[in-house]
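One structure is given here, and the rest of the page talks about it.
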Amino acid sequence: MKIMVLNGNPKTDSLSRHLADIYEVEAREVAEVRRFNLSQMAFNPSLDIGYDSDQPLEPCLVEFQNALTWADHLVIVAPIWWGGVPAKLKGLVDRTFLPGFAFRYASGSPDPVPLLAGKTARLILTMDAPDTFLAEQAAPVLAQLDRYTLQFSGIAPAEVDLFGSVIMADEAQLQQWGETVRAHGAACR
């Protein structure tokens, strides 16, 4: 199996990075893994000209698209901020899930033709909000990232883990989340 892991937190040190590390270590025992850390990716996150013409991709974005094409399974570990993903993560999606790469339109039809079919995904999302708000806070992220990006591009509906409240988590809770991610990595799911 070929797995692409994205630590979608723009901070260099975070719980997202820690969980991505755990997943990657376990998955490498049984699969090929390509890893990306959003904090280390240098690119303009703004799709300045929309789809009117091509905006040249920075080398890290070309590498990211190549890994998306290569992978059987995509794992995104990211925080939820203000009911959405971090701006740089949204910019990564805007700049890489492009027409002609992730989808295309058939002549005379507004319906997209997905170009990334046959892949699976897992979203591991963290937030500081109380656990009573996990589903409510995650709903817009799941709609945008899973349904209207991944599924729109042909990727199967994502398996999802929601971890929170991070700021209220004690060591035992952090350990439990790590064990959950470890099991996912070992099973490549």
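The values are calculated or read from the model by the stated rules, or taken from the named source; none is laboratory data. What you see is a predicted model; the values in this text were computed from it and never measured. Cβ placement follows ideal geometry from the backbone for every residue including glycine, while neighbour counts extend to all protein chains displayed. These area figures cover heavy atoms from the full protein model, side chains too; ligands, DNA and RNA do not enter into them. Shrake-Rupley method; radii C 1.70, N 1.55, O 1.52, S 1.80 Å.
Brief remarks on what is shown
- When the Cα gyration tensor is reduced to axis lengths a ≥ b ≥ c, the ratio a/c is 1.5 or higher for the stretch 76-133, and with a/b above b/c it is classed as prolate.
- The count of lysine pairs in the chain with alpha-carbon distances below 21 Å, taking only pairs 8 or more places apart or on different chains, stands at 4.
- Sulfur and carbon atoms: percent of accessible area, the chain [1.4 Å]: 53 percent
- Debye log10 I(q)/I(0) at q = 0.14, 0.21, 0.23, 0.24 Å⁻¹ for the stretch 1-109, Cα point scatterers: -0.60, -1.18, -1.32, -1.38
- DSSP assigns beta bridges within the stretch 47-189; of those with both partners inside it, close to 20 percent run antiparallel.
- Charge tally around residue 126: other residues with Cβ under 13 Å, Lys/Arg +1 each, Asp/Glu -1 each, net -1.
- Taking all protein chains as shown and a probe of 1.4 angstrom, residue 63 keeps an accessible surface of around 110 Å².
- Expressed as a fraction of 2.2 N^0.38 Å, the C-alpha radius of gyration for the stretch 103-168 is 1.39.
- Solvent exposure of the chain amounts to 49 Å² per residue of accessible area, where only protein heavy atoms count and the probe is 1.4 Å.
- Per residue, the chain reaches -10000 deg cm²/dmol at 222 nm when only DSSP H runs of four or more residues are counted, each adding -39500 (n - 2.57).
- Kirkwood Rh, Cα atoms: Rg over Rh of the stretch 80-189: 1.04
- Degrees between helix 171-187 axis and first principal axis of the chain (Cα, 0 to 90, nearest 10): 50 degrees
- Here the convex hull built on the C-alpha positions of the chain has a volume of 112 cubic angstrom per residue.
- Solvent exposure, largest accessible area first (probe 1.4 Å, DNA, RNA and ligands not counted), of 13, 161: 13, 161
- Three-way shape call for the stretch 1-52 based on the alpha-carbon gyration tensor, with the a/c threshold at 1.5: oblate
- The angle between the Cα long axis of helix 15-27 and the main principal axis of the chain comes to about 80°, on a 0 to 90 degree scale.
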